[in-house]
Protein chains: 4
Amino acid sequence: MNLNRKLRMGMVGGGRGAFIGSVHRMAAALDGQIELTAGCFSADAEKSRLSGADLRLDPARVYGTYQEMAKREAALPAGQRIDFVSIVTRNNTHVAIAKAFLEAGFNVICDKPVAFNLAEARKLKAIVQKSGKVFALTHNYTGYPMVKEAREWVRAGKLGQLLKVVVEYPQGYAITAIAGGEGKIANWRMDPSIAGISNCMADIGTHATNLARFITGLEIEELCADLNTFIPGRLLDDDGTCLLRFKGGARGLLFASQISSGDENNLNIRVWGTQGSLQWHQENPDELIWKAVNEPHQIHRRGNSYLAPITQKYSRTPFGHPEAFIEAFANVYRAAADAIADVQSGKPLPKNPEYPTIDAGLEGMAFIESVVKSSKAGAKWVKFPRL
Amino acid sequence: MNLNRKLRMGMVGGGRGAFIGSVHRMAAALDGQIELTAGCFSADAEKSRLSGADLRLDPARVYGTYQEMAKREAALPAGQRIDFVSIVTRNNTHVAIAKAFLEAGFNVICDKPVAFNLAEARKLKAIVQKSGKVFALTHNYTGYPMVKEAREWVRAGKLGQLLKVVVEYPQGYAITAIAGGEGKIANWRMDPSIAGISNCMADIGTHATNLARFITGLEIEELCADLNTFIPGRLLDDDGTCLLRFKGGARGLLFASQISSGDENNLNIRVWGTQGSLQWHQENPDELIWKAVNEPHQIHRRGNSYLAPITQKYSRTPFGHPEAFIEAFANVYRAAADAIADVQSGKPLPKNPEYPTIDAGLEGMAFIESVVKSSKAGAKWVKFPRL
Amino acid sequence: MNLNRKLRMGMVGGGRGAFIGSVHRMAAALDGQIELTAGCFSADAEKSRLSGADLRLDPARVYGTYQEMAKREAALPAGQRIDFVSIVTRNNTHVAIAKAFLEAGFNVICDKPVAFNLAEARKLKAIVQKSGKVFALTHNYTGYPMVKEAREWVRAGKLGQLLKVVVEYPQGYAITAIAGGEGKIANWRMDPSIAGISNCMADIGTHATNLARFITGLEIEELCADLNTFIPGRLLDDDGTCLLRFKGGARGLLFASQISSGDENNLNIRVWGTQGSLQWHQENPDELIWKAVNEPHQIHRRGNSYLAPITQKYSRTPFGHPEAFIEAFANVYRAAADAIADVQSGKPLPKNPEYPTIDAGLEGMAFIESVVKSSKAGAKWVKFPRL
Amino acid sequence: MNLNRKLRMGMVGGGRGAFIGSVHRMAAALDGQIELTAGCFSADAEKSRLSGADLRLDPARVYGTYQEMAKREAALPAGQRIDFVSIVTRNNTHVAIAKAFLEAGFNVICDKPVAFNLAEARKLKAIVQKSGKVFALTHNYTGYPMVKEAREWVRAGKLGQLLKVVVEYPQGYAITAIAGGEGKIANWRMDPSIAGISNCMADIGTHATNLARFITGLEIEELCADLNTFIPGRLLDDDGTCLLRFKGGARGLLFASQISSGDENNLNIRVWGTQGSLQWHQENPDELIWKAVNEPHQIHRRGNSYLAPITQKYSRTPFGHPEAFIEAFANVYRAAADAIADVQSGKPLPKNPEYPTIDAGLEGMAFIESVVKSSKAGAKWVKFPRL
């Protein structure tokens, strides 16, 4: 990071008990380049205050509303005010908060899905473009070094022409809801007024499609989705499967589920080409598998000198000293922080940012709307929208 | 096997260089209960003769045509003639050969797919029923002990209500055809006049659907299939994906491929229910995995005393002494041999045979016709036929 | 096998309920080149008779004593009498039986350990050499194709200079003896009058050292062993560990155990050289792992065209159609059968037999005597005897 | 951490290019409870200054010598001076630096091995005891949640009486030294004037023995070690194997290596008891395997509710979101930070600290001296010293 000081981070959301907020904070802290300086940790002002105290923040920098935070931070001297804000609230609030901070002159790192629907996301894109600020979306799985390696393989033509992509994301935690045992984390995701038109596909299906897009570069041309709601009484999907046709002729398959009992966070992807295939599993993230006909299978492992420079750049420990979820998340922060430091120093935005951008956000929203549309029509094929 | 002598086996097909014929012979030989006694190993009489000599058969029992074989074997005294015939020829000849032997009074073990099309298969079923003989179809993957264990789990309700089935069968050998390098084994499978309307789905898709049916007992209600032909110049599918809706509400997904570079014979299945899930991989067949929310994952291994009696019955070696493909294949022969021995002793056919029957053959043909119909209509949903 | 008829096998031992006898019979039957023709299946004549009936043998070829069998088989015409005998009795009887059959003009396949002690084994070697017959010892783990591949790697110098060998063989079945629950299979192995001076090291330690010797070609120069008897009341070892120094400077480590609760038959070996290392696990036998610094790990899999010719020769099914314990065992029979067919046709014995010979037997006995000697001396270093 | 402010950390060592220093900093930063405030990053004052600037420290808090740092930090007001120092220098300097800071009133976190030899370590223990301060040794592998779970299993008697321990730590990076290609990280470890009497056993053998001790609680009674120097021209061991006898009758085996080509950081441990066994692999750290006779194998995974409270306490992300090396390292810092915060608030030291203490340091030094003594005597048994 080209800056002779730490970046100052603000956070909106992520109060006591919130899982993803604490992940964002660890990811930001890991490299010692970012310090949490301000926050509005809850829509409940008292909870925000208590959370700020937990985090040992100056009480003067802990706010009761995000609007107040944007305004008062913007009024601070340049040497004190935050450099960027992390937004880790619920889906339906992302756009309004991002808008407030972008328009107040702040860079933004935002959790996914980016918006409540595609129309909102399109509006946000215009705001981002106008702002000239960094807008990074935490599709954190793209931060894994071996996911970057996979992308480099495809880019270098190692797989030949791509033929087939299978990406799957089974989780099983929601199955306990059948017996009434599900935790609160899942509850708001099942509420259409907060989560939007999809639960499972919005929450994890978007990670799966983003991962496939990141590694292969392929664009979906049309899809056919069969979404299911297995937990009685729910309004949104908790499982679904999707056939994909990509531009250029490759075919694909995506499934995501929250009722796959015994699966934890079992995101994985396989890509086959004319010259060979790759395979990556999120729960074993330091390995990338290469398989080709008439060759021994290969296991490429993070930390080795045979990996691409970009893979090595986003690696922190030597081979055999495993890295995992938090380090991958921190890589999104690292890439965004590099860009934010540049912007704060008056340098231009990166041309090919290593962090996911608002465009990934639009693709995710288009995916959600397409799979829901297809499924509601009885699992018919629908064209993927132009973005 | 309740018989104080070995069963005498005849074989049609399986001449020099044929892979599956030699597997059938090893499977038949393994338990020392069956001896190969006669054969018509090729449509080419000279090749048949040479193959018989390789196998050290009495030349008088090696025939130039299957018709001659059926006729002359039937004319031998009861103490000499074969007890059953194994049919290991190409798809389009199974029904005629089976008919000839059944009507000549012989039991039949037949390779899959059972027929050239569903109509043929229905006719064969009538012949089988009229014959009162054993007709066993070598859906050999159901012979694996841990596949039987999986079925027992489902039957016992261990998984609760079934929600989702994912069965996949990627192979990669055909990818070499892109560079002209594919072996002859694949060639006739690509010829519609021999293989019928499908290559990949007929050859291995039927194994996948049979495996799902065997373990879960679920019947397909409708399906939506997207078949592909990636190898230029081919007339039949070499890859395909299929969404499944089962009677009773469970959903499924099946894919099969011959162009998945680096995959060998990677059949595997996952079944999720409300109480837990199972997972089985053909390339690691002695293990059956159990996963459920809030429980350690479990690996159940062949040869242990905690397994179901039927699993133990079809096991030959103690735990840790792995069994594999040939032993599983031999289990189909073992089950069929038990029934044949009974029939030859005047006892009735088994009510719940452990070998796959003509009904599995009809289901396979219905699957082939359904996926082709769906795919040709642009991957539309089609109802699975009544059988 | 260069013979226009099947080989006729006799068996000594392996009556009802014996595990290893049935494995030998399956291994012999698999390729359709050997037929079981005669036997003395138990020292109990009635049990021998019943076992022969189970196996559907001609009662005239089922004998009450091995002496009678050797004598009467030798008196049969050449076209009827057995070509070889399989000896699957307890350790202390191997030499006497082998002697009887070798001196009666028969080839021998014998279970391991070859003898009750090294002195006996040396005498047997003289008898074998004098006989001009095949004597094959069923160190069956050398029959695995990927074990042969490992040996080819070492021979070809792929690993460079060998530095270190770790071979381990934990089993856990005997732990139940603590609660009195052990099966009979283990009982005679614990009786010094039958098993000799060692239980665990004799039964499985010899497999481990044979495997290391087979793959690496290294000869032990000296060793230091710490044997244990954890099950109360036992006279022989049920666990042990051994440091090895090989001629030429490589170092090694061997451990074997019957009280490693939860391990099944977990034989595995790792060999490191200056250029790279190999790893093979008996419970996953179709894979051979290659690891070297600054290279992706590789998994070599049976059935592929990149393997050595000898590996492919001892393979029966294509890649992805797993082979396992019985097929490996059958490979010892296949190699021995090839040699027996030659001997029976008047051809010479093979110069470099692919089956383990009496020399492997002597090495095994020397290993047993050395580890016991070392351990009794308080785990001191002892020189390995010259053989 | 019971403190309403962040702890202030100083660091000695860890300048530009040092691997372990950066790991300590990431580990300290992860939870947002510690901030790096001061440092003497190199014995080269200019390098120390530049490293401090890289880390965006106040130049006034960057020192040229550790002596100066101890003195000047001690002179700062309580609200400014560091709370503790992290020592990440070479082995031979640990004790002097620790002494300086302890005697200046600071808590200490120190890299391992704790000292140059056992005598030094004993002296340091006296200083630590006198100081009343926290002294934590970064045997970081004990920070893995599933290692803590393993210890809880042993403590709870889940394994029954312990019989056998196998701990291994093969690395392969040094093999490149044969061709002159080894990196500088290894160089000082091979220098007896810096590293002491051992390289491999001191560097990683101590981790292995510490891990075994942590999980099992067993104390070594005597050992027999065979150390090797395979890389020509070296003065210290790069490989070694060790037989262990524990107090109470359990037996063990430890090996460590830097020339195991293709191994990365392959620390793993297996412990067998009368009731079952456990297995843990550092390169797959979120899993702990349970195996017992006549039971399915079990894979226990971090993040699940069935784990012990202490395991859950040291976990940061939900199941399926893997944690790894840095998080485990951070757990040592977390435990030490809790104790430091208490000490700084006037509370007593913890009675059963979750961080490794000076006693682990003494055990490590005793292990080093014992294995070297045994090996030099020709791999003879030596008694483990009383500590």
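The values are calculated or read from the model by the stated rules, or taken from the named source; none is laboratory data. Note that the coordinates shown come from a computational prediction; the quantities given were computed from them, not determined experimentally. FYI the Cβ positions are ideal-geometry reconstructions off the backbone, even for glycines, and counts take in every protein chain you see.
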(message) I need every pair where a residue in region B:47-75 that is away from chain C (no Cβ under 14 Å) has its Cβ under 7 Å from the Cβ of a residue that is among the charged types (D, E, K, R) and surrounded by fewer than 17 Cβ atoms within 10 Å (Cβ to Cβ), sequence separation at least 6 or different chains.
(response) B:Lys47/B:Arg16; B:Tyr63/B:Arg72
(message) Going by what's in this entry, would A:Ala43 be described as assigned by TED's automatic domain parsing to the domain that holds A:Lys347, crowded, with 16+ Cβ neighbours inside 10 Å, modelled with pLDDT under 95 and among the small types (Gly, Ala, Ser)?
(response) yes
(message) Restricting to region A:231-273, count the residues that are of a type in the set (S, T, N, Q), buried (at least 24 other Cβ atoms within 10 Å of the Cβ) and more than 9 Å from chain B (Cβ to nearest Cβ).
(response) 1
(message) I'd like to know if region C:291-300 contains one or more residues that are more than 9 Å from chain D (Cβ to nearest Cβ) and within 21 Å of the chain's Cα centre (by Cα).
(response) no
(message) surrounded by fewer than 18 Cβ atoms within 10 Å (Cβ to Cβ), in the same structural domain as D:Ala341 (by TED's automatic domain parsing) and closer than 19 Å to D:Asp203 by Cα: is that true of D:Arg72 in this structure?
(response) no
(request) Residue by residue through region B:274-290, note down the ones that are more than 7 Å from chain A (Cβ to nearest Cβ) and not in a loop (DSSP other than H, G, I, E, B). (result) B:Leu278, B:Gln279, B:Trp280, B:His281, B:Glu287, B:Leu288, B:Ile289, B:Trp290
(message) Any residue in region C:21-40 that is free of Cβ contacts under 8 Å to residues at least 24 places away in the same chain sitting within a Cβ distance under 9 Å of a residue that is in a loop (DSSP other than H, G, I, E, B) and buried (at least 24 other Cβ atoms within 10 Å of the Cβ)? List the pairs, counting only those 6 or more apart or interchain.
(response) C:Ser22/C:Gly14; C:Ala29/B:Leu30
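If you scan region B:327-366, which residues turn out to be over 18 Å from B:Asn140 (Cα atoms) and not basic (Lys, Arg)?
B:Ala341, B:Asp342, B:Val343, B:Gln344, B:Ser345, B:Gly346, B:Pro348, B:Leu349, B:Pro350, B:Ala366
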(message) Can you go through C:Val134, C:Val166 and tell me which one is buried (at least 22 other Cβ atoms within 10 Å of the Cβ), within 30 Å of C:Gln312 (Cβ to Cβ) and either in contact with a Lys or Arg (Cβ under 8 Å, 6 or more places away or on another chain) or among the small types (Gly, Ala, Ser) (or both)?
(response) C:Val166
(request) Confirm whether A:Glu103 is over 26 Å from the mean Cα position of the chain (by Cα) and away from chain D (no Cβ under 13 Å). (result) no
(request) Please state which one of A:Ile87, A:Ile109, A:Ile97, A:Ile127 is touching a residue at least 40 places away in the same chain (Cβ under 8 Å), assigned to a helix (DSSP H, G or I) and farther than 30 Å from B:Gln171 by Cα. (result) A:Ile97
(message) Can you tell me how many residues within region C:208-219 are surrounded by fewer than 23 Cβ atoms within 10 Å (Cβ to Cβ) and in contact with a Phe, Trp or Tyr (Cβ under 7 Å, 6 or more places away or on another chain)?
(response) 3
(request) Identify, by number, the condition in (1) more than 21 Å from D:Glu354 (Cα to Cα); (2) in contact with a Ser or Thr (Cβ under 7 Å, 6 or more places away or on another chain); (3) not hydrophobic (A, V, I, L, M, F, W, C) that D:Asp111 doesn't meet. (result) (1)
(request) With the checklist (1) within 26 Å of A:Gln344 (Cα to Cα); (2) touching a helix residue (DSSP H, G or I) at 6+ places or on another chain (Cβ under 9 Å) in hand, flag the one item A:Met146 doesn't pass. (result) (1)
(request) Please determine, by comparing only the residues of region B:298-320 that are in contact (Cβ under 8 Å) with a residue 24 or more places away in the chain and of a type in the set (Ser, Thr, Tyr), which one is nearest to A:Ser261 (Cα to Cα). (result) B:Thr311
(request) Just one of (1) closer than 30 Å to D:Arg25 by Cβ; (2) out of contact with any helix residue (DSSP H, G or I) (no Cβ under 9 Å at 6 or more places or on another chain) trips up A:Ile289, so point out which. (result) (1)
(message) Can you say whether B:Lys158 is under 30 Å from B:Phe106 (Cα atoms) and either at pLDDT below 95 or in the same structural domain as B:Gly262 (by TED's automatic domain parsing) (or both), as far as the supplied structure shows?
(response) no
(message) So if I check each of B:Arg90, B:Arg49, which one is under 18 Å from the mean Cα position of the chain (by Cα) and either basic (Lys, Arg) or modelled with pLDDT of 95 or more (or both)?
(response) B:Arg90
(request) Those residues that are modelled with pLDDT of 95 or more and surrounded by 22 or more Cβ atoms within 10 Å (Cβ to Cβ), I need them from region A:177-198; list them, please. (result) A:Ser198
(request) Would you please name the residue that is farthest from the chain's Cα centre (by Cα), looking only at residues in region A:54-68 that are part of a helix (DSSP H, G or I) and not aliphatic (A, V, I, L, M)? (result) A:Pro59
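Kindly indicate whether D:Gly160 is closer than 27 Å to C:Thr241 by Cα, within 13 Å of chain C (Cβ to nearest Cβ) and either touching a Gly at 6+ places or on another chain (Cβ under 9 Å) or among the acidic types (Asp, Glu) (or both).
yes
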(message) Looking at C:Gln258, C:Gln279, C:Gln298, C:Gln275, can you tell me which residue is in contact with a helix residue (DSSP H, G or I) (Cβ under 6 Å, 6 or more places away or on another chain) and among the polar types (S, T, N, Q)?
(response) C:Gln258
(message) Of all residues being part of a loop (DSSP other than H, G, I, E, B) and within 14 Å of another protein chain (Cβ to nearest Cβ) in region D:17-46, which is nearest to D:Asp342 (Cα to Cα)? Just the residue, please.
(response) D:Gln33
(request) Go through region C:82-129 and give me each residue that's surrounded by fewer than 18 Cβ atoms within 10 Å (Cβ to Cβ) and among the hydroxyl-bearing types (Ser, Thr, Tyr). (result) C:Thr93
(request) Go through region C:18-62 and give me each residue that's farther than 19 Å from C:Phe329 by Cα and among the small types (Gly, Ala, Ser). (result) C:Ala38, C:Gly39, C:Ser42, C:Ala43, C:Ala45, C:Ser48, C:Ser51, C:Gly52, C:Ala53, C:Ala60
